[in-house]
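Heads up, the thing below is written out as structure tokens.
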């Protein structure tokens, strides 16, 4: 079983490098400025930074939660556990509220960002993967090459784009972050982040993070890169993965 997992992970790695080699967009390898401990029990689906605190949405049926932590210590300040049948996904901050998607439950939860008190529940029409906010619309992924722009009050679709690198569609889009006019997206089961034009869907660059965490530190084949938070004051990204032991700080593109 371990050998099969190794082969599957190796094939995925080769596929990721082949995709990067075929890219028409420039590829950057960011340098890590520092790292912090990360809870290896956290199956990271969404990450955001606000007010000096790290908000994290975690998945897995029966274990999903929304958690607020101190970055330096990992100390948990607040945690809201989802109902046991729910699978937590992407999160976004809209004003004083945090919106959290669920994977296949067709529900989104809206919380007070300070207390994590659940304020209301909204219907959600698609699979929930990643979520971010551009100051006007929520932007959501569903594992395809499509990104939807949503009304933050109703979660109704306003428009959509298809993400592509040259003529090649880029699917498996997962965790999202909006950074200085660009959408950053983890590509599921790869160690790369796409920089996407919100106007056209064109990939304008790639971040290659394959050197961040050694395979020996990954607890399973599911321990893939997924989690992007932006600190605008320092102009840095805080990135991690599912069940990773560390969070890494890199310069924002």
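Of the residues examined, residue 38 is not one that is surrounded by 12 or more Cβ atoms within 10 Å (Cβ to Cβ), out of contact with any helix residue (DSSP H, G or I) (no Cβ under 8 Å at 6 or more places or on another chain) and over 14 Å from residue 238 (Cβ atoms).
Filtering the range 210-232 to residues that are part of a loop (DSSP other than H, G, I, E, B) and either in contact with a strand residue (DSSP E or B) (Cβ under 9 Å, 6 or more places away or on another chain) or without any contact (Cβ under 8 Å) to a residue 12 or more places away in the chain (or both) leaves 210, 211, 212, 213, 214, 218, 223, 224, 232.
Inspect all residues belonging to the range 233-244 and state whether any of them is part of a loop (DSSP other than H, G, I, E, B), crowded, with 19+ Cβ neighbours inside 10 Å and either free of Cβ contacts under 8 Å to residues at least 40 places away in the same chain or in contact with a helix residue (DSSP H, G or I) (Cβ under 7 Å, 6 or more places away or on another chain) (or both). No; the residues of the range 233-244 include none that is part of a loop (DSSP other than H, G, I, E, B), crowded, with 19+ Cβ neighbours inside 10 Å and either free of Cβ contacts under 8 Å to residues at least 40 places away in the same chain or in contact with a helix residue (DSSP H, G or I) (Cβ under 7 Å, 6 or more places away or on another chain) (or both).
For every residue, the table says whether it meets (1) within 16 Å of the chain's Cα centre (by Cα); (2) over 17 Å from residue 47 (Cβ atoms).
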position	(1), (2)
59	yes, no
65	yes, no
80	no, no
103	yes, no
111	no, no
121	no, yes
139	yes, no
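Among all residue pairs at least 6 apart or on different chains, which show Cβ distances below 9 Å where the first residue, located in the range 163-179, is touching a residue at least 60 places away in the same chain (Cβ under 8 Å) and on the phi > 0 side of the Ramachandran plot and the second is surrounded by 21 or more Cβ atoms within 10 Å (Cβ to Cβ) and in a strand (DSSP E or B)? That search, which allows pairs on different chains as well, returns 166/203.
Within the range 212-232, the set of residues being exposed (fewer than 15 other Cβ atoms within 10 Å of the Cβ) and closer than 19 Å to residue 182 by Cβ comprises 232 only.
Bear in mind these aren't lab numbers, they're just calculated from the coordinates by the rules spelled out. On a predicted model such as this, the values are computed, not experimentally measured, just so you know. Note that each Cβ is placed from the backbone with ideal geometry, even for glycine, and that neighbours are counted across all protein chains shown.
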